[in-house]
Amino acid sequence: MNYVELIPRLLLGLLFQWWGPLLAIVVFVVLIIARRVPRFEIAPFTRRVALLGGLAIAVSWALMQLAPMFASEPWRVMWWLMLPPVVIASAAVAIILVHILRTRSTPEVPVTPVVRRGWLSFTRRRDSVVTATAVGALVALSIAAGLASSPDDDGLYSRISIPVGDQGAGSSTFFGWAYSVPLLIVTAVLLVLLYLALRSNASRPFLRPETVGAETVQRRDTSVLLFALAGASVLIGLSDAVIMVAHAGLGSVGVGIPGVGTFMYSTGFASLAPALLIMGSLLQAAAALWLLLTISGRRFAGRAS
């Protein structure tokens, strides 16, 4: 095959695999034109952490998609490929948390709080709901897929059995415990860091009565940013998990019977695989859009809850 034939096929393949993030780019441009995504009002240091963290998450996500193409047989269970976005988000949230703790200052003029401030005081309901839903879906999928998974030759639960009648059973790569447990562990660490950062951000005393308004806006945008880093990385993990399950559903095992022909067997959820594949790509689009907003220093318009 010459390059004239190969390049269009590669472009079509990338378009099919990455239509979710491409859709996010289109939506992002439309939102900017419509002026629906104002810029953050946050400290310069936090802004730089968000920029670098968002870029690192995006790059690691792209490399995750390319790594399996160059994998050798001993590394076929590459559970660690699903972890970098969540690990990077955890590091970024931890850096912001340390910065908040180190920059706590004594009020110049004491401001009596009107209401008791909690860790969700400066957050927007949509951010917390989306993130909590993504985490809940990831946990539910991990449990369901883990229970359905089967061990490979090394004892790792990274396969799903496909019964082939009297011939025994075949198997396909699957989002089993080998993949889900490490992902859930790093996600739990991320959520703990997110909680600590939100609590520290909310509990800081205001400097003086005249700056309450400006400080409230800055704390709100800091919370939005923290949720963006955490939520986008969790959505990436969830989208990869859904797509991995979908690919297992699309797979099949062929068994040839002499004199009769070849019979193809698939998983019990094969009919749901196309819908899962579309769902996974839409989750990718949501994660990519959240990352684009974070990297560009923008947020959806809205107030804290």
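The values are calculated or read from the model by the stated rules, or taken from the named source; none is laboratory data. All values derive from a computational prediction rather than experimental measurement. So basically every Cβ, Gly included, is an ideal-geometry build from the backbone, and we count neighbours across all protein chains shown. What goes into the accessible areas is simple: the full protein's heavy atoms, side chains included, and nothing from ligands, DNA or RNA. Shrake-Rupley method; radii C 1.70, N 1.55, O 1.52, S 1.80 Å.
So, Ser223, is that one assigned to a helix (DSSP H, G or I), at negative phi, at pLDDT 85 or above and more than 15 Å from the chain's Cα centre (by Cα) or not?
On the way: assigned to a helix (DSSP H, G or I): yes; at negative phi: yes; at pLDDT 85 or above: yes; more than 15 Å from the chain's Cα centre (by Cα): yes.
For Ser223, the condition - assigned to a helix (DSSP H, G or I), at negative phi, at pLDDT 85 or above and more than 15 Å from the chain's Cα centre (by Cα) - is met.
Could you grab me the full set of residues in the stretch 203-239 that are polar (S, T, N, Q) and more than 30 Å from Thr133 (Cβ to Cβ)? Walk me through how you get there before you give the answer.
Within the stretch 203-239, the subset polar (S, T, N, Q) is 203, 211, 216, 218, 222-223, 233, 239.
The answer is Thr211, and nothing else.
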Restricting the first residue to the stretch 142-161 and requiring it to be free of Cβ contacts under 8 Å to residues at least 60 places away in the same chain, which pairs with a second residue that is open to solvent by 60 Å² or more (accessible area, probe 1.4 Å) and not in a strand (DSSP E or B) meet a Cβ separation below 7 Å and a spacing of at least six or different chains? Gly146/Trp177; Ser149/Trp177; Tyr157/Trp177
Which residue pairs have Cβ atoms under 7 Å apart, sit 6 or more places apart or on different chains, and have a first residue in the stretch 67-88 that is modelled with pLDDT of 90 or more and a second that is assigned to a helix (DSSP H, G or I) and surrounded by fewer than 17 Cβ atoms within 10 Å (Cβ to Cβ)? Leu83/Pro182
Contact list please: Cβ distance under 9 Å, first residue in the stretch 191-203 and hydroxyl-bearing (Ser, Thr, Tyr), second residue surrounded by 16 or more Cβ atoms within 10 Å (Cβ to Cβ) and in a helix (DSSP H, G or I), pairs at least six apart or on different chains. Ser200/Leu97; Ser200/Ile100
